[in-house]
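Novice: Pasting in a structure now, in structure tokens, and then I'll have a few things to ask.
The values are calculated or read from the model by the stated rules, or taken from the named source; none is laboratory data. Only a predicted model underlies this, so the values are computations on that prediction, with no experimental measurement involved. For neighbour counting, all protein chains shown are included, and Cβ atoms are generated from backbone atoms with ideal geometry for every residue, glycine included.
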Amino acid sequence: MRPVFIKAVIGILLPALFSVLSNASAGTRSFSAEAIQSAPGMQTTRMNLYVSGDKSVRIEMSTPQGKIVQQYIASSGLMRVLYPDRKEYLEQPSPVPFVMPGAVVLNPCESMPDTKCVKVGEESINGQEAIHWLVTRESPNRQPFRIEQWLDKKRGVTLREQLPNGTSINASMVGNEKIDGREAERWEVKMTTADGKTQSGTRWYDIELGITIREAFPNGSVRELQNIIVKEPDANLFMLPKDYRKLDVPTQSQRK
């Protein structure tokens, strides 16, 4: 069976999960949880997530090809993809592949290295102190694509975004609410197009962990963390199991 290239596997595991974790507060603690993504007419996906005190991360996911485990080891910067059914693994050095839980991201270019960010200033948005950024990246037709973004100084979450086509996105906190027994801030997110049409979604920001633990979108899809346990995970979860065979990571020429 031909091994899946490590970045392709990361692309499968991460998007559904770390959009929930992104823009996390500095107060994040060690925890484990089940990450769930559901959408009308689509099969629900589930992943097990473990975050250690040093910000190492383990993700477990069942696929039609078998179980896949991803480990990001913060101390060494290594990314591993394990195939337990075959006792094989891929490994390579990697920059942090996502906004780590516990990091307040006040510069959007930290998580988008192919962009240019210029700090415009600091402002108050709906009573929240924010940093105003002008973000420029190249579009597929190689033309500059510019957006304005206001990031909450305390949480790192996006409070406002202005797109080139006239669409604006605004987030405002409307109060506190319990989600799965946990205290959370409820944020309403409204998108308004240039012709005045609006769509609304909601996200819930966990006060203890300092991360968004649930997002509900206008199309009915939901991304969330459930069964959260605030506890240091077993250190063995971040170790390389014995008797696993290391696979070669394909070179650029081999992947063409």
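Novice: For segment 156-164, indicate whether the set of residues that are modelled with pLDDT of 90 or more and more than 23 Å from the chain's Cα centre (by Cα) is non-empty.
Specialist: Yes, some residue in segment 156-164 is modelled with pLDDT of 90 or more and more than 23 Å from the chain's Cα centre (by Cα).
Here's the yes/no breakdown for (1) of a type in the set (S, T, N, Q); (2) at pLDDT below 85; (3) touching a Pro at 6+ places or on another chain (Cβ under 8 Å):
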| residue | (1), (2), (3) |
| --- | --- |
| V4 | no, yes, no |
| L13 | no, yes, no |
| S19 | yes, yes, no |
| S30 | yes, no, yes |
| S52 | yes, no, yes |
| S56 | yes, no, no |
| E88 | no, no, yes |
| V96 | no, yes, no |
| A103 | no, yes, no |
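Novice: Examine segment 196-210 for a residue that is within 19 Å of L106 (Cβ to Cβ), surrounded by 15 or more Cβ atoms within 10 Å (Cβ to Cβ) and aromatic (F, W, Y), and state whether such a residue exists.
Specialist: Taking every residue of segment 196-210 in turn, at least one turns out to be within 19 Å of L106 (Cβ to Cβ), surrounded by 15 or more Cβ atoms within 10 Å (Cβ to Cβ) and aromatic (F, W, Y).
Novice: Among the residues of segment 63-84, count how many are among the small types (G, A, S) and within 20 Å of T44 (Cβ to Cβ).
Specialist: Of the residues in that region, 1 qualify.
Novice: Sticking with this one: On the phi < 0 side of the Ramachandran plot, of a type outside the set (A, V, I, L, M, F, W, C), free of Cβ contacts under 8 Å to residues at least 24 places away in the same chain and not in a strand (DSSP E or B) - does that describe any residue in segment 197-217?
Specialist: yes
Novice: Return the pairs, sorted by first residue and then second, in which the second residue is aromatic (F, W, Y), the first residue lies in segment 148-159 and is surrounded by 24 or more Cβ atoms within 10 Å (Cβ to Cβ), the beta carbons are less than 6 Å apart, and the residues are 6+ apart or on different chains.
Specialist: L159/W150
Novice: Sticking with this structure for a sec: All but one of (1) part of a loop (DSSP other than H, G, I, E, B); (2) surrounded by fewer than 18 Cβ atoms within 10 Å (Cβ to Cβ) hold for G175, so report the exception by its number.
Specialist: Single failed check for G175: (1).
Novice: While we're looking at this one, here's another question. Considering only residues that are in a loop (DSSP other than H, G, I, E, B) and under 21 Å from the mean Cα position of the chain (by Cα), which ones fall in segment 111-155?
Specialist: S111, M112, P113, D114, T115, K153, K154, R155
Novice: Counting only residues that are part of a loop (DSSP other than H, G, I, E, B), more than 15 Å from the chain's Cα centre (by Cα) and touching a residue at least 60 places away in the same chain (Cβ under 8 Å), how many does segment 38-64 have? Break it down stepwise before answering.
Specialist: Of the residues in segment 38-64, the ones part of a loop (DSSP other than H, G, I, E, B) are 39-44, 52-56, 64.
From what's left, more than 15 Å from the chain's Cα centre (by Cα): 39-44, 52-54, 64.
So of that shortlist, the ones also touching a residue at least 60 places away in the same chain (Cβ under 8 Å) come out as 39-40, 42, 52-53.
Within segment 38-64, residues that are part of a loop (DSSP other than H, G, I, E, B), more than 15 Å from the chain's Cα centre (by Cα) and touching a residue at least 60 places away in the same chain (Cβ under 8 Å) number 5.
Novice: Just give me the residues in segment 223-252 being under 25 Å from the mean Cα position of the chain (by Cα), crowded, with 17+ Cβ neighbours inside 10 Å and aliphatic (A, V, I, L, M), in sequence order.
Specialist: L225, I228
Novice: Got a sec? Which of A74, A35 is out of contact with any Cys (no Cβ under 9 Å at 6 or more places or on another chain), of a type outside the set (S, T, Y) and touching a residue at least 60 places away in the same chain (Cβ under 8 Å)? Can you show your working first?
Specialist: Details: A74 fails: touching a residue at least 60 places away in the same chain (Cβ under 8 Å).
Residue meeting the stated conditions: A35.
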